[in-house]
Amino acid sequence: MMPRWLRLFSNHGMVAVLVLLCAFYSAATLAEQNIGGAAGGEALAEKIIHERGSGVRVAIVAGSGADDGVFAQVLQDKLVEAGVQVVLAVKGPPRAARLALTKLDSTTAGPDVIAASYSASRWSLLAHLDKLLPKLAGIPVVRLPSYVWPNFLRTDNLLNIANQIAVIAIIAIGMTLVIVSGGIDLSVGSLIALSAVLATLLIRDAANAEEAAPGAMVLCCLAAILVCAGVGLFTGAIVTYFAVPPFIVTLGMMLVAGGLAEKLSANQSIYHLPESFVWLGRGADLAGIPNAVVLMGLLYVTAHVLMTRTTLGRYIYAVGGNAEAARLSGVRVERVRLFVYALCAALAGVGGVIMASQLKSGAPTYGQMYELYVIAAVVVGGTSLSGGEGRVMGTLIGALVIAVIRNGMNLTGVESSWQKIVLGSIIVAAVLVDRLKARN
Amino acid sequence: MTLLQMAGIDKSYPGVQALRGVGMELRAGEVLAVLGENGAGKSTLIKALAGAVNPDSGTIHISGTSLRTGSPHEARRAGVAVIYQEFNLAPALTAAENIFLGQEAGVWLQQADEREAAARLFRRLGVEVDPDALCRDLNIAQQQVVEIAKALAARARIIVMDEPSATLTLQEVERLFGVIRELKKQGLGIIYISHRLEEIFAIADRVMVLRDGEHVGTRDIGAVDRDSLIEMMVGRRLDQEFPARHVVPGNQRFVVRGLCRADKVCDVSFHIRRGEVLALTGLIGSGRTETARLIFGADQRDAGTIALDGKELRVDCPRDAIRAGIALLTEDRKGQGLVLSHSVQDNFALPNLSFWSRFGFINRRDERMALDRYVADLRIKAGNPEQAVRNLSGGNQQKVVLAKWLQRQCAVVIFDEPTRGIDVAAKLEIYLLINDLAAQGKAILMISSELPEVLGMADRILVMHRGRITGEVQDVARATQEQIMKLAVG
């Protein structure tokens, strides 16, 4: 009998780990944040009009970064729109600002207020305005207040995690089913490459490259996914009808699919894709959530229902738990096996299409080592490698844990060799917990 | 001389008191049988002796020296060897290599010495086994001898045998008894665990009975009989071992003609009538299980037809058989009948999902209701339906298997060794269920090696030998075990 804490840990352990990791990285990446860009410009314009009315005269000072440029432009537009007189708008290094401000102070209609971007407000020019430009002394410098917030929890970082995880998490669904049925699939990494190369190649050579119509692109991607499903079906057939261990078969298919991807692409990256091709990988049409993440969510819900509510799901568990008992209970074991391998390969194909869309190109180098990350996500998610046990939603948690660890280490500046060591240790620890569970 | 003295052994698991102050005494040169129903605490007691389980309290003395509990290594060094039902042999190593595995000294193997020492051990046991044979090429009985020789090579003085006869044929059991008598003569103490009362009367000097983790008593074998032992085990008198059935078999229901597969099953034909229990018996390897598997479509048959209620069936795989109304309760319950790590609910539902699913979606409330009915009807003792069947007793596991086939309302039910590994009280329940099925007009084929069971339960008996049916006994009431044995050995 295992101690209570261990039992709790093994049941909801990974959720707890995930929460702890998020808390840890939130604390470790606390930093001063400021609102820049268009949102910042808009907010500052509102603040100035609200505090000083529209009769005020404003000078805008911003740095030379792109973010500051957008900030200054939006601020100026908004102020002008409200009838505020903008006497000066300067974007550039402090020297340029100083020159412009010096010219300004000699005229009579000087500004009532200087609106500065966050970075410009920290220049010594504006901080010590009284001393450096005595004629402007007394004119207030306004900017948006900064606030303290973890870099980890910034929206853009969270979306970044979600985007990174989408490919791995989607393939991990298929891998969960394969592992629950008592198998393994090492070929998914190469199938990512094969699918990405095939999809982009078809778009370039058969669908008018940059001028490809959306419908044609969808067909090309579906074709790539179907080819992957075919590869999976073939793998499944060899595993099922010739009783070859799946480890060996899929190891072979990993090489075959990788070689095919290289051959098809002639070892080159494939470009010449229409702008709209990035819709899946970079678009975010639903309340700012990336499309790939929405797809991931849909697939997880579907897979969860499949595994918990349908006969097919029950059969997958039974085949993994005891294939002979399942057969003698009338389960068509062969079909179940064919299905899981085909599905896993098809989902690897989907992953390849997403990756091609994210990177707007296809190359045979995509997806290298991904099979290991995918298997790691499944195992960390609590699925037993001996088959018959595991949960799809556990896999999602596992994939999140791995993504959060990698992202957090990036944010806190851990070098990549250490990242590998930490990730590897976590995978070993997860399997250890699995064994401890089995022993009790 | 007292070889082993265990006293006041307590062991509890959460919710279960597995052993309660159990004591045991073993003398040199005797066979002590340990008897008890499943869950009575036999295996926990043996594990405590072997160090695989650390008891909560109690002492173990071997030849007067105290043994530190909970250490398998110490127990082995003190001369305790346990031969489990699943052997601990490396299949790709030879008999001699297995015997000395873990005892090799130095860097280099002394193969010639090992081979000779192994041959000496086999002579000492009075058996013929080739020391150079690979273990995977040896049959079960020979592997068992290798295990015993391995125990002797490790200078064991106490050998525990856990159900050693479960997978042996009658002749092999006789030979095993020869080896045991040889070991007795050499002053070893043997602890013999078995369900088979006949064997205990044949080999044991004393018998110790456990019930619900408590020591009921230890008797000289001459001072007890079958009934009193059963009473000690069950705690009450069982009026009848085999319940009477009041069904008059009707017309032919299930007909098998000319069933063949390679040299395992040759031209097997028989019929079963409505409400009839037909027993199929014979030695292990005589083709009984193979016949059942052919009928069920688990193996491909070379020839033969199967007909139910006058209609010929097309059976190419188990799925076909199940749909046609045939059920098979396999001999190997754990390996083939159940998914051990899965719940009672899932195991019960596996062949039946179509009853309560629509477009592939399972209605779990209907599923649960169906199971609840069988849990009540069959008196399945499982904490809850989500519990893994692994944790159930053998009898309850068998009931779960039975429930899943009852739900399908099969017309033909094939039981392969229905009571193997099941304790006396649960056996009676299984027999009653078989009688119920017969009363419902089903055709029942019961494969069994237990001759008392065959004689007690069957309406008619078929005997197989080397893949052929060599005899039929119509008048079961007047048949004897000897008569059947004669048919079985050909």
> For region A:246-293, what does the alpha-carbon gyration tensor say about shape, rounded, prolate or oblate, given a ≥ b ≥ c as the root eigenvalues, a/c under 1.5 as rounded, and a/b over b/c as prolate?
Replying inline: oblate
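Need one value for B:296-303: mean number of C-beta atoms belonging to other chains within 10 Å of its residues' C-beta atoms.
Values: counts 1, 3, 3, 0, 0, 0, 0, 0.
Mean partner shielding for this stretch: 1.
For region B:133-253, how big is the tail of P(r) above 20 Å, as a whole percent of Cα pairs? Before the final figure, lay out each step's value.
Working: 4055 of 7260 pairs.
Tail of P(r) above 20 Å: 56 percent of Cα pairs.
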> Can you give me the Cα centroid spacing of region A:289-368 and region B:133-168 in angstrom?
Replying inline: 46
> What is the Cα radius of gyration of region A:168-275 over 2.2 N^0.38 Å, N being its residue count?
Replying inline: 1.17
> What distance in nm separates the simple spin-label points at B:ARG379 and A:VAL305, each placed 7 Å from Cα in the Cβ direction?
Replying inline: 4.4
> If you roll a 1.4 Å probe over the heavy atoms of the protein chains, what accessible area per residue do you get for region B:295-390, in Å²?
Replying inline: 50
> From the phi of every residue in region B:397-402, what ³J(HN,Hα) in whole Hz does the Karplus formula 6.51 cos²θ - 1.76 cosθ + 1.60 yield, where θ is phi - 60° and glycine or proline is x?
Replying inline: 4, 4, 5, 5, 4, 4
>> Please list, ordered by chain and number, the residues whose modelled amide H lies under 5 Å from the amide H of B:SER357; skip anything fewer than 5 residues away on the same chain.
In response: B:ASN363
> What is the extension gain from A:ALA223 to A:VAL148, computed as 0.36 nm multiplied by their sequence separation minus the C-alpha to C-alpha distance, in nm to one decimal?
Replying inline: 22.1 nm
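Looking at region B:45-116, which trypsin sites (Lys or Arg not before Pro) are DSSP coil and have at most 15 other C-beta atoms within 10 Å of their C-beta? Numbers along the way, then the final one.
Values: sites: B:LYS47, B:ARG68, B:ARG76, B:ARG77, B:ARG115; in loops: B:ARG68.
In loop regions of region B:45-116 (DSSP not H, G, I, E or B), the sparsely surrounded trypsin sites (Lys or Arg not before Pro) are B:ARG68.
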> In region A:311-440, carbon and sulfur make up what percent of the accessible area (probe 1.4 Å)?
Replying inline: 59
> So what J values fall out for region A:81-97 if you push phi through Karplus, 6.51 cos²θ - 1.76 cosθ + 1.60 with θ = phi - 60°, rounded to Hz, Gly and Pro as x?
Replying inline: 4, 8, x, 7, 8, 9, 7, 7, 9, 10, 10, x, x, x, 4, 4, 4
>> For A:ALA27, project a label point 7 Å along Cα to C-beta. Then give me every residue of region A:141-169 with its amide nitrogen under 20 Å of that point.
In response: A:148-154
> When you count, for each residue, the other Cβ atoms within 10 Å and take the mean per peptide, how do A:329-338, A:298-307 rank with the highest first?
Replying inline: A:329-338, A:298-307
>> Probe radius 1.4 Å, ligands and nucleic acids ignored: give me the carbon and sulfur share of the accessible area of region A:38-147 as a rounded percent.
In response: 52
>> Can you tally the net charge around B:GLN103? Count Lys and Arg as +1, Asp and Glu as -1, for every other residue whose Cβ sits under 13 Å from the Cβ of B:GLN103.
In response: 0
>> Using alpha carbons only, how many angstrom separate the centre of region A:385-420 from the centre of region B:375-407?
In response: 39
>> I'd like the Karplus ³J(HN,Hα) series for region B:110-121: coefficients 6.51, -1.76, 1.60, θ = phi - 60°, whole numbers in Hz, and an x wherever there's a Gly or Pro.
In response: 9, 4, 4, 4, 4, 4, 5, 4, 5, 4, 4, 4
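Could you calculate the contour length gain from B:GLN85 to B:SER63, that is, 0.36 nm times the residue separation minus the distance between their Cα atoms, to one decimal place in nm? Show your work: numbers first, answer last.
Details: separation 22, 0.36 × 22 = 7.92 nm, distance 2.68 nm.
Length gained, B:GLN85 through B:SER63: 5.2 nm.
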>> Quick check: pseudo-label points 7 Å beyond the Cα along Cα→Cβ at B:LYS311 and B:ASP137, how many nm apart are they?
In response: 5.1
> Mean separation of Cα pairs under 8 Å and 6+ residues apart, divided by the residue count of region A:155-439: what relative contact order is that in percent?
Replying inline: 35
>> Can you compute the label reach from A:LEU255? Point 7 Å from Cα along the Cβ direction, backbone N cut-off under 17 Å, restricted to region A:178-196.
In response: A:186-191
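Please work out whether chain A counts as rounded, prolate or oblate from its C-alpha gyration tensor, where a ≥ b ≥ c are the square roots of the eigenvalues and a/c under 1.5 means rounded, while otherwise a/b larger than b/c means prolate and anything else oblate?
Values: a/c = 3.18, a/b = 2.05, b/c = 1.55.
It is prolate, given that a/c is not under 1.5 and a/b is the larger ratio.
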> Between A:GLU81 and A:ALA237, what is the label-to-label distance in nm when each label sits 7 Å out along the Cα-to-Cβ direction?
Replying inline: 6.2
>> Inside 10 Å of the C-beta atoms of B:312-324, what's the mean count of C-beta atoms belonging to other chains?
In response: 2
>> For region B:2-234, what does the relative contact order come out to in percent, with C-alpha contacts under 8 Å and a separation of six or more?
In response: 29
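Please compute the contact order of region A:57-130 in relative form: average sequence separation of alpha-carbon pairs under 8 Å and at least six residues apart, divided by the residue count, as a percent. Walk me through the intermediate numbers first.
Working: 94 pairs, mean separation 32.2, N = 74.
Value for region A:57-130: 44 percent.
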> Between chains A and B, what is the buried accessible area summed over both chains (1.4 Å probe, protein heavy atoms, nearest 100 Å²)?
Replying inline: 2200
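Other chains near A:379-388: what is the mean number of their Cβ atoms within 10 Å of each residue's Cβ?
Working: counts 0, 0, 0, 0, 0, 1, 0, 1, 1, 4.
Neighbouring Cβ atoms belonging to other protein chains average 1 per residue here.
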> If we restrict to alpha carbons, what Rg and Dmax does region B:252-488 come to, in Å?
Replying inline: 17.6, 56
> For B:GLU482 and B:ASP299, FRET efficiency with R0 = 45 Å and r from the beta-carbon atoms, rounded to 0.05?
Replying inline: 0.85
> For chain B, what ratio Rg/Rh do Cα atoms give with a Kirkwood hydrodynamic radius?
Replying inline: 0.99
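Just list whichever of B:LYS47/B:LYS381; B:LYS399/B:LYS427; B:LYS11/B:LYS42; B:LYS150/B:LYS184; A:LYS47/A:LYS131; B:LYS404/B:LYS442 have alpha carbons separated by over 20 Å in the model shown. Kindly include the intermediate steps, with their values, before the conclusion.
Details: B:LYS47/B:LYS381 25 Å; B:LYS399/B:LYS427 11 Å; B:LYS11/B:LYS42 12 Å; B:LYS150/B:LYS184 17 Å; A:LYS47/A:LYS131 27 Å; B:LYS404/B:LYS442 16 Å.
Correct reply: B:LYS47/B:LYS381; A:LYS47/A:LYS131.
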> What length, rounded to one decimal in nm, is gained on full extension from B:ARG123 through to B:ASP227, with 0.36 nm per residue of separation minus their alpha-carbon distance?
Replying inline: 33.5 nm
> What is the protein assembly as shown by shape, rounded, prolate or oblate, if you read a ≥ b ≥ c off the alpha carbon gyration tensor as root eigenvalues and call it rounded for a/c under 1.5, prolate for a/b larger than b/c, and oblate otherwise?
Replying inline: prolate
>> In Å², and per residue, what accessible area does region B:2-234 have when probed at 1.4 Å with the other protein chains present?
In response: 45
> Taking springs between alpha-carbon atoms closer than 10 angstrom, which of A:GLU46, A:GLU275, A:GLU211 fluctuates most in the Gaussian network model of chain A?
Replying inline: A:GLU46
> Roughly how many Å is it from the Cα centre of region A:160-216 to that of region B:442-490, as a whole number?
Replying inline: 62
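Only bridges whose two residues both fall in region B:252-488 count here: according to DSSP, what percent of them are antiparallel, nearest 5? Numbers along the way, then the final one.
Values: 21 of 39 bridges.
Given both bridge residues lie in region B:252-488, the antiparallel proportion sits at roughly 55 percent.
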> If we count every other residue with Cβ under 15 angstrom of A:ALA303's Cβ, Lys/Arg +1 and Asp/Glu -1, where does the sum land?
Replying inline: +3
>> Can you order the peptides A:251-258, B:159-166, B:256-263, B:413-420 by their average number of other Cβ atoms within 10 Å per residue, highest first?
In response: B:413-420, B:159-166, A:251-258, B:256-263
> What residues of region B:1-33 lie in the reach of a label at B:GLN186, counting those whose backbone N is under 13 Å from a point 7 Å from the Cα along Cα→Cβ?
Replying inline: B:29
> Beyond 25 Å, what percent of the Cα pairs of region A:237-357 remain?
Replying inline: 45
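The values are calculated or read from the model by the stated rules, or taken from the named source; none is laboratory data. These figures come from a predicted structure and were not determined experimentally. Glycine also receives a Cβ, built like all others from the backbone with ideal geometry; neighbour counts cover every protein chain displayed. Note: areas computed on protein heavy atoms with side chains; ligands, DNA, RNA excluded. Shrake-Rupley method; radii C 1.70, N 1.55, O 1.52, S 1.80 Å.
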